[in-house]
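Q: Here it is, the structure in full.
The values are calculated or read from the model by the stated rules, or taken from the named source; none is laboratory data. In this text the structure is predicted, and so the values were computed from the model without any measurement. Positions of Cβ are generated from backbone atoms using ideal geometry, with glycine treated the same way; all protein chains shown enter the neighbour counts. The area values use the complete protein model at the heavy-atom level, side chains included, leaving out ligands, DNA and RNA. Shrake-Rupley method; radii C 1.70, N 1.55, O 1.52, S 1.80 Å.
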Amino acid sequence: MPKTILVVDDAATMVMSLKASLEIAGFKVETANDGVQAIDKLKSGVKPDLIITDINMPNMGGIEFIGKARALPGMRFIPILALTTESQQAKRDEAKKLGATGWLLKPTSGSDLVKVIKQVLPGA
Amino acid sequence: MLERLSRWLASRRLPKLDRLREIAAALQPPAEATRSQHFRRLQFITAGAIGLGTLLLSGVVYLGYPWSQHLARMLSISDALALAVLVGALLLLTLALTTVLLFRASFGILNREQEGLSHQFDDAQRTLSASAHIDDALQDQLQLAVSDSESSTLTLITRVNDLNSSARKLLDYLQHSDTNASDMASDIREGVDEMNKIASFVQQLPDKIRQNNQAVESIFTEVKHLEGLAGSIKSISQQTNMLSINAAIEAARAGEAGRGFAVVAAEVRRLATRSSEAAHTIESGLDHALSAVQKSLNESDLANASHELEQANQVAEAFEKLQHSYEDMRQFYKTLFAVVTRHNTELAEQIADMLGLLQYQDVESQRLTRINNTLMQRQALYTAVTQISVDDNPEPDRLQQLTDALQQLLQEYLESEARHSHPDHASAETEVDTGPRIELF
């Protein structure tokens with residue numbers, strides 16, 4: 001049974017490239033274009049094994065999304081990785097405080113990304 | 001600040017840079033050289049006025065001295081006082097003249113400077129207006145570049161997906177073929193086993209025929225011996241017949257006494273005849289049987305059948321070769337499958353890495369968007385200044401306000417850039433100032 005990953009990013013190129021890259025690595029991929037859409041998906045019954053989110057997004061940014069996702073039932077221990085161009089330490093600290101599992105700067109190669117996913121997602 | 005702006009603009013490889021530099025230069029304050037030129041002119045006018053006044057004063061004192069004495073006598077005052085009054089009046093006159101000249105010169109300079117400034121202001125407004133239009137055009141181009149790169153990247157991703165899908169299909173096909181080949185191998189192996197059994201039987205067939213022939217030949221010899229026995233029976237029956245004839249002759253000689261003996265002799269003769277017939281029948285049957293066996297032995301001549309047997313053996317050998325060839329082909333196929341699988345896996349990894357590199361598009365797109373936003377704000381600042389009229393008595397520090405606003409805009413832009421990652425295309429593993437590229441909390 002392949003593990004499911006939810007990809008949240010407002011850039012279509014990011015969503016498509018991550019989806020293709022992760023599917024090649026054997027994962028099932030769900031996508032959302034911002035935090036609001038992602039929260040709706042989680043509430044509608046999508047149960048990802050891991051979430052990869054951008055930080056700077058319209059409607060609901062990544063930081064707010066991490067906080068709201070963590071508050072949902074069953075989402076407390078799901079690994080959440082931020083994949084962003086944002087390198088400000090304050091934002092990292094804020095994301096960490098809200099429950100992010102890791103911080104990756106764009107661009108991250110497919111092999112590095114899969115390596116990190118395998119680190120935080122046992123059995124992947 | 002403007003120098004910093006100019007330096008920053010010079011360091012960016014943006015189109016229309018010369019025009020932007022011109023705008024930055026236009027925002028520079030009036031040159032110091034022009035001001036000192038005006039100051040020197042004023043000094044020259046002042047010195048000239050004082051010199052002229054002094055000369056005039058000296059001449060008037062020299063020429064008016066007699067007149068002052070006359071005045072002193074008329075006013076009953078001393079000559080010295082009269083002279084002092086004269087000098088004082090002349091001094092005041094000179095001072096007034098100098099002041100008037102200075103004022104006129106100053107007003108002239110100020111008017112010219114004002115005109116110059118007004119022209120400069122108009123030029124600056126025109127420059128800013130042109131710059132605002134350039135910014136507008138640049139924004140359009142930047143948006144187009146972002147849109148184009150996004151579209152190209154999406155097409156690329158689709159193509160890469162197709163490529164990966166084709167590679168996956170190839171692998172699935174090979175896997176399916178491998179399964180089919182395994183089933184086929186099992187069928188071929190069973191067929192070859194059956195053929196080997198047949199070949200083995202065919203190989204053993206000459207020996208079996210030979211053994212059968214030997215058995216038949218042995219029977220043939222035994223039966224031939226029976227031919228002699230039939231001859232003996234025949235000979236015995238002939239002798240018995242002769243004996244019965246003699247007995248009948250002797251019975252006839254004996255007359256009545258030999259009548260019974262004649263009956264026995266006749267019976268013996270009949271028995272001899274029947275024995276002879278039986279011996280003849282046996283001999284004839286044996287001859288038929290022996291000729292039939294001989295014919296059978298002749299027909300099962302192994303020398304004649306050797307060619308067919310050899311061919312049968314060759315068929316078995318051919319089947320064995322076929323089996324070996326199939327095993328070789330199967331091994332080659334397995335190797336081919338392993339190689340294709342390995343290359344396909346590497347291809348998939350490279351595709352995944354390439355897809356990761358496409359994240360550069362998003363990084364660059366965000367960078368272009370930040371530049372675009374900065375250009376938009378700068379355009380708004382330029383436009384605001386171009387809408388001011390000199391006749392509206394603009395605030396004297398309006399240009400300074402623009403400079404401050406541009407400085408703030410630049411500061412904000414640089415800070416925003418610093419907050420975002422700037423990947424080094426040569427080595428993506430380098431760390432940025434604010435933290436590692438990959439960090440697990």
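The rows are residues; the columns are (1) within 30 Å of B:Asp353 (Cα to Cα); (2) out of contact with any helix residue (DSSP H, G or I) (no Cβ under 7 Å at 6 or more places or on another chain); (3) at pLDDT 85 or above.
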residue: B:Ser152; (1), (2), (3): yes, yes, yes
residue: B:Leu174; (1), (2), (3): yes, no, no
residue: B:Met184; (1), (2), (3): no, yes, no
residue: B:Val192; (1), (2), (3): no, no, no
residue: B:Pro206; (1), (2), (3): no, no, no
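Q: Can you tell me which residue within segment A:86-96, out of those that are modelled with pLDDT under 90 and facing chain B (nearest Cβ under 7 Å), is surrounded by the fewest Cβ atoms within 10 Å (Cβ to Cβ)?
A: Among those residues, the one meeting the criterion is A:Gln89.
Q: I need a count of the residues in segment A:99-122 that are over 18 Å from A:Glu23 (Cβ atoms) and more than 14 Å from the chain's Cα centre (by Cα). Before you say what the answer is, go through the steps one by one.
A: Taking segment A:99-122 and keeping what is over 18 Å from A:Glu23 (Cβ atoms), we get A:99-107, A:119-120, A:122.
Imposing the further condition that a residue be more than 14 Å from the chain's Cα centre (by Cα) reduces the set to A:107, A:119, A:122.
Matching residues across segment A:99-122 total 3.
Q: Take the residues in segment B:350-389 that are touching a strand residue (DSSP E or B) at 6+ places or on another chain (Cβ under 9 Å) and in contact (Cβ under 8 Å) with a residue 40 or more places away in the chain, then tell me which one is most open to solvent (accessible area, probe 1.4 Å).
A: Let us first name the residues in segment B:350-389 that are touching a strand residue (DSSP E or B) at 6+ places or on another chain (Cβ under 9 Å), namely B:359, B:363, B:366-367, B:370.
From what is left, the residues that are in contact (Cβ under 8 Å) with a residue 40 or more places away in the chain are B:363, B:366-367, B:370.
Details: B:Val363: 4, B:Gln366: 35, B:Arg367: 62, B:Arg370: 30 Å².
Only one residue fits best here, namely B:Arg367.
Q: Another question about this same structure. So in segment B:149-177, with the set limited to residues that are within 14 Å of chain A (Cβ to nearest Cβ) and among the hydroxyl-bearing types (Ser, Thr, Tyr), which one is least open to solvent (accessible area, probe 1.4 Å)?
A: Result: B:Thr153.
Q: What about A:Ile80, is it under 10 Å from the mean Cα position of the chain (by Cα), buried (at least 22 other Cβ atoms within 10 Å of the Cβ), within 14 Å of another protein chain (Cβ to nearest Cβ) and farther than 18 Å from A:Lys3 by Cβ? Break it down into steps so the answer makes sense when it comes.
A: Values: under 10 Å from the mean Cα position of the chain (by Cα): yes; buried (at least 22 other Cβ atoms within 10 Å of the Cβ): yes; within 14 Å of another protein chain (Cβ to nearest Cβ): yes; farther than 18 Å from A:Lys3 by Cβ: no.
It is false that A:Ile80 is under 10 Å from the mean Cα position of the chain (by Cα), buried (at least 22 other Cβ atoms within 10 Å of the Cβ), within 14 Å of another protein chain (Cβ to nearest Cβ) and farther than 18 Å from A:Lys3 by Cβ.
Q: For segment B:231-247, check the following and say yes or no: at least one residue is within 30 Å of B:Gln311 (Cβ to Cβ) and in a helix (DSSP H, G or I).
A: Pass one, segment B:231-247, residues within 30 Å of B:Gln311 (Cβ to Cβ): none.
No: segment B:231-247 contains no residue that is within 30 Å of B:Gln311 (Cβ to Cβ) and in a helix (DSSP H, G or I).
Per-residue answers, yes or no, for (1) more than 30 Å from B:Gln400 (Cα to Cα); (2) out of contact with any helix residue (DSSP H, G or I) (no Cβ under 7 Å at 6 or more places or on another chain); (3) open to solvent by less than 70 Å² (accessible area, probe 1.4 Å):
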residue	(1), (2), (3)
B:Ile45	yes, no, yes
B:Gly48	yes, yes, yes
B:Gly51	yes, yes, yes
B:Gln69	yes, no, yes
B:Met74	yes, yes, no
B:Thr94	yes, no, yes
B:Thr98	yes, no, yes
B:Gln114	no, yes, no
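Q: Give me the pairs, please: first residue somewhere in segment A:97-113 and facing chain B (nearest Cβ under 7 Å) and more than 19 Å from B:Leu358 (Cα to Cα), second residue anywhere and in a helix (DSSP H, G or I) and β-branched (Val, Ile, Thr), beta-carbon distance under 7 Å, and either six or more positions apart or on two chains.
A: A:Ala100/A:Ile66; A:Thr101/A:Val120; A:Gly102/A:Val116; A:Gly102/A:Val120
Q: Okay, next question. Quick check: anything in segment B:321-344 within 14 Å of another protein chain (Cβ to nearest Cβ) and part of a helix (DSSP H, G or I)? Explain how you work it out, then say what you get.
A: First pass over segment B:321-344, keeping only residues within 14 Å of another protein chain (Cβ to nearest Cβ): B:344.
Within this subset, residues satisfying the condition of being part of a helix (DSSP H, G or I) are B:344.
Scanning segment B:321-344 turns up at least one residue that is within 14 Å of another protein chain (Cβ to nearest Cβ) and part of a helix (DSSP H, G or I).
Q: For segment B:408-435, name all the residues that are open to solvent by 40 Å² or more (accessible area, probe 1.4 Å), within 15 Å of A:Gln89 (Cα to Cα), at pLDDT 70 or above and more than 7 Å from chain A (Cβ to nearest Cβ).
A: B:Glu415, B:Ala418
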